Amino acid sequence: MWDAVVVGGGLAGWIAGIRAAQRGKKVLLVTEGVGTLFYFSGIFDYGDVERLRHLPKHPYTLFNSQAIVQGKHFVQEICPEYVVNDRPQSAFTVLGTVRQGDLMPRSMVLPDRQEQGEFVLLVPEGLKDFFPETVVANMAREFPGWQVNVKRMQVDALAEWTRLGKSVSSIDYANIWRSEEGQRALTNEIEEIKRQSQGAGRSQGKIVVVLPSLVREYFDSSRTKPYKSEFSLPVLEMSSFVPSPHGRYFAEYLKHRFTDLGGELMIGARALSLNGESTSESQAKACQELKVHSMGKTLRLKGKKFILATGGLLGGGIKVGMARKSIHEGVFDLPLFVPKEWSESQFFAPQPFAQIGVETDEFMRPLDPTRGQVVWDNVHVVGRMLAHWDPWTQRCGGGVSVTSGYAAAELV
Ligand SMILES: Cc1cc2nc3c(=O)[nH]c(=O)nc-3n(C[C@H](O)[C@H](O)[C@H](O)COP(=O)(O)OP(=O)(O)OC[C@H]3O[C@@H](n4cnc5c(N)ncnc54)[C@H](O)[C@@H]3O)c2cc1C
């Protein structure tokens, strides 16, 4: 029997699984897919925590400020390149605009605007959906005291691709930068930038090379190579766009952290339903086993605690049918909070359907909203599956997922 069975391998599930395994618990993580991590920009958004904690039923109301800070420090502990700061920090988006975030790798944090300097935007040939002219214009507007120059580069390994007109994604480039050839190409290119700017007498201020992809090795899941940081100039990474190399490597990295700690993994497995019982009408039920479909077989997994981290509408945890009433939570068949009106006609307005999810008590145990009673005593709901929040307009997706995942692991 497992101390905890975590269902779902998105951000919330991995955080819960890693923390529980780190606490010496016997943990199994069952997941069908990779979740929304592949869209993750590399930056954790927490939103305006104090304001959100005052919104009725927002997931942050379940936690005290200390629990929220603990989750942030946990991210930093498992990924030391992430910087925890009292105030939000700023990074470049791939459009060259500035975006704030609450936890980001130090290689994304923008330099001080008051300093004088020069950005050299290194533009890898053929990078899909990247528009250097727009980026340069935006960077110059954001940093009026800085010069912004462009250097294009071609990597031999991709010359044939670009000759054939095949676009290259930022994940392709992130792979290249991880190879010896890619590292060499980048090192040479940065050396040349340095020589050129010194030759042109432009080097009075700071020179910062800006790259629209993941360059660093801080998500090296095998951890065989040391973290490579030594280029002859500082290199600034922009936040990722989809498909996101940060998200992809972070997911891979979390998986390794989990298994290194002794966590067991079932990938490509779909949780179907559970068995459990209660001793009386008024008591919450205790879940004893989870039915899982994996590799053509149906398995029954026994656990003391179950952590539901199956995401919301996007993660696959909530199923919606054509008929409006056919909305349900897909594994435990938990009662859902569903607003009367699902959508708002103004596209950019907060959309009510974002609030759909499971209501819980302060231990993240699912509640029956009509009776206000705990439904399952040993089930904790985390991440996007929680009701009453909106990652898009409140910009707190990473924050809620990390905080709830970490807090659930503490209850195992
Ligand atoms: C496009 C996009 C970009 C985002 N960018 C950012 C960002 O840059 N910064 C930020 O802080 N937040 C961002 N977020 C928000 C944040 O990533 C999400 O809030 C968070 O990832 C939700 O994580 P989760 O683990 O709850 O769910 P998910 O990531 O949806 O994971 C759910 C997991 O459950 C699995 N699953 C579902 N049903 C079953 C089942 N029956 N059996 C087994 N497994 C199952 C899925 O396969 C998946 O692995 C973004 C969200 C989106 C959609």
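The values are calculated or read from the model by the stated rules, or taken from the named source; none is laboratory data. Model, not experiment: these values are computed from the prediction. Please note: Cβ atoms are built from the backbone with ideal geometry, for glycine as well, and neighbour counts cover all protein chains shown. Note: accessible area is taken over every heavy atom of the protein model, side chains too, but ligands, DNA and RNA are not part of it. Shrake-Rupley method; radii C 1.70, N 1.55, O 1.52, S 1.80 Å.
From the list 336, 386, the lone residue that is in the same structural domain as residue 49 (by TED's automatic domain parsing), aliphatic (A, V, I, L, M), more than 9 Å from the ligand (Cβ to nearest atom) and touching a residue at least 24 places away in the same chain (Cβ under 8 Å) is 336. Is it the case, given these coordinates, that residue 158 is under 30 Å from the mean Cα position of the chain (by Cα) and assigned to a helix (DSSP H, G or I)? Considered against the rule, which asks whether it is under 30 Å from the mean Cα position of the chain (by Cα) and assigned to a helix (DSSP H, G or I), residue 158 comes out as yes. One residue alone among 319, 304, 325 is open to solvent by 10 Å² or more (accessible area, probe 1.4 Å), farther than 19 Å from residue 55 by Cα, at pLDDT 95 or above and assigned by TED's automatic domain parsing to the domain that holds residue 46, and that residue is 304. Taken over region 274-285, the criterion of being open to solvent by 40 Å² or more (accessible area, probe 1.4 Å), touching a residue at least 12 places away in the same chain (Cβ under 8 Å) and not in a loop (DSSP other than H, G, I, E, B) is satisfied by 275, 285.
Annotation note: of 42, 47, 9, 71, the sole residue that is open to solvent by less than 40 Å² (accessible area, probe 1.4 Å) and assigned to a helix (DSSP H, G or I) is 71. Among the residues of region 331-344, at least one is open to solvent by 40 Å² or more (accessible area, probe 1.4 Å), assigned to a strand (DSSP E or B) and not acidic (Asp, Glu). Screening 363, 353 for residues that are among the hydrophobic types (A, V, I, L, M, F, W, C) and assigned to a helix (DSSP H, G or I) leaves exactly one candidate, 353.
Check whether at least one residue in region 133-144 is closer than 23 Å to residue 218 by Cα and either touching a Gly at 6+ places or on another chain (Cβ under 7 Å) or open to solvent by 10 Å² or more (accessible area, probe 1.4 Å) (or both), and report yes or no. Taking every residue of region 133-144 in turn, none turns out to be closer than 23 Å to residue 218 by Cα and either touching a Gly at 6+ places or on another chain (Cβ under 7 Å) or open to solvent by 10 Å² or more (accessible area, probe 1.4 Å) (or both).
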